[in-house]
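The structure appears right after this line, and notes come after that.
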């Protein structure tokens, strides 16, 4: 078997066919490729896996993952031959057991080599890469059998993924013609078909604007926020962590025109009284921003009800937005929701945090997304480090943003507005010390507003899928 060229063997087992085939898209194609058949030919599977292992430097990856489901057998064979650990990505999150998207043993920060059988647009590899990256894995390379040469490799290169293919489809056609398996007319017909299809792949994906997402949002606060962001041309949230109410209110009045959300830790104020809330609400109306009390609720439903509505702060009376951990389960969402039934309020779920050594696991993050989908009338989005779902109804807010990306001495990790909005595709940047500790806060807040908004506008340009 190993002495027979792989391309010829693929033709002999019927994994590559020629004739007239109607594709899923409705297009008539002179060629049809089904590499799933390889799993039924162990020697060929072994030969292909060996060739792929030789194609990529072993030092560039720590684990393997096959794109479901066609490449799973190939990735498994590569794992068995190399001793490299295999992880499995599910197409759907389990609704039972551990409810994991990624199965297997791995650690955040490890490098994962994606295995695929065939590439056309590259969409399936990117979809797999996104889930793996959400789990904390690094993706720089993908290995596959056939490149149809219809734009997928170039698309992945733009996304920072190198592609290692055993063959291009034109190379296979040439080999089959030389072996007398195809006539020159058939080869030319297929090549012409491939060239004509290049203009259709990759396709264009239009990113929805904030105003368009406002029309889709099911939570009234999310709807208001998206519209407000578009109107004021800002996706900046400011966190004024000061202990004096006088300084607090002066800062809010200063930055109000530039922000969409004011994030508070109201219990930091040493001289808090009811006048703070009265003045804060006046400023929110004057400058048109929403108030987000960063309370991080984390108790059972009956307790958070009281914490939200009672005590000295009465958060539900004045904060448009608050947030919660999901450690207690869905009861915390239901408790908070029932505490303010007659007010438009939004809840953010803490899905990821920016502090170094955070214990948020990929499974925890996935569960936060699931709970948000189940309670989308009250849950408006996430506190996170990257976009967690393509559902346009949910707002992604990212803390730890600084124009000078670095960190501090107690574990806070910073990212730039361009990285957060552009690369990680979140919606709102949360800035505190970058403005608070600036020599001129009024100039700093405008720099952050401008940087965040420009990153958003660049993201709106059509993206390849």
**Request:** Scan the range 316-329 for residues that are surrounded by 12 or more Cβ atoms within 10 Å (Cβ to Cβ) and under 31 Å from the mean Cα position of the chain (by Cα) and jot them down.
**Result:** 316, 319, 320, 321, 322, 323, 324, 325, 326, 328, 329
**Asked** Hey, any hits in the range 201-214 for a residue that's assigned to a helix (DSSP H, G or I), under 27 Å from residue 11 (Cα atoms) and either in contact with a strand residue (DSSP E or B) (Cβ under 8 Å, 6 or more places away or on another chain) or in contact (Cβ under 8 Å) with a residue 60 or more places away in the chain (or both)?
**Response** no
**Complete:** Condition set part of a helix (DSSP H, G or I) and either touching a helix residue (DSSP H, G or I) at 6+ places or on another chain (Cβ under 7 Å) or not assigned by TED's automatic domain parsing to the domain that holds residue 431 (or both), scope the range 219-247, selection surrounded by the fewest Cβ atoms within 10 Å (Cβ to Cβ): answer is 227
**Item:** Odd one out for residue 304, checked against (1) crowded, with 21+ Cβ neighbours inside 10 Å; (2) under 22 Å from residue 399 (Cα atoms); (3) in contact with a strand residue (DSSP E or B) (Cβ under 6 Å, 6 or more places away or on another chain)
**Value:** (2)
**Prompt:** In the range 108-125, what residues are part of a helix (DSSP H, G or I) and either surrounded by fewer than 21 Cβ atoms within 10 Å (Cβ to Cβ) or more than 16 Å from the chain's Cα centre (by Cα) (or both)?
**Reply:** 123, 124
**Message:** Anything in the range 126-147 that is part of a loop (DSSP other than H, G, I, E, B) and within 20 Å of residue 72 (Cα to Cα)? List them, or say none.
**Reply:** 135, 137
**Message:** Checking the conditions here, which among 372, 404, 366 is at pLDDT 95 or above and either assigned to a helix (DSSP H, G or I) or surrounded by fewer than 23 Cβ atoms within 10 Å (Cβ to Cβ) (or both)?
**Reply:** 372
**Asked** Out of curiosity, is residue 284 part of a helix (DSSP H, G or I), within 20 Å of residue 446 (Cα to Cα) and within 33 Å of the chain's Cα centre (by Cα)?
**Response** yes
**Complete:** Counting only strands (runs of 3 or more DSSP E) entirely within the range 1-79, those with at least 1 residues that are surrounded by fewer than 19 Cβ atoms within 10 Å (Cβ to Cβ) and more than 27 Å from the chain's Cα centre (by Cα) are 16-22, 28-33
**Prompt:** Does residue 382 count as assigned to a loop (DSSP other than H, G, I, E, B), under 22 Å from the mean Cα position of the chain (by Cα) and closer than 15 Å to residue 296 by Cα?
**Reply:** no
**Asked** So residue 155 clears everything in (1) at pLDDT 90 or above; (2) assigned to a helix (DSSP H, G or I); (3) under 22 Å from the mean Cα position of the chain (by Cα) except one condition, right? Which one?
**Response** (1)
**Fill in**
The residue that is modelled with the lowest pLDDT, considering only those in the range 418-454 that are outside any helix (DSSP H, G or I) and closer than 19 Å to residue 386 by Cβ, is 424
**Request:** Please enumerate the residues belonging to the range 80-104 that are modelled with pLDDT of 95 or more and assigned to a loop (DSSP other than H, G, I, E, B).
**Result:** 83, 84, 85
**Message:** Take the residues in the range 267-282 that are touching a helix residue (DSSP H, G or I) at 6+ places or on another chain (Cβ under 8 Å) and exposed (fewer than 13 other Cβ atoms within 10 Å of the Cβ); name whichever of them is farthest from residue 317 (Cα to Cα).
**Reply:** 271
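The values are calculated or read from the model by the stated rules, or taken from the named source; none is laboratory data. Bear in mind the structure is a predicted one, so any value in this text is a computation, not a measurement. Because the Cβ atoms are built from the backbone with ideal geometry, glycine has one as well, and the counts that use them run over all protein chains shown.
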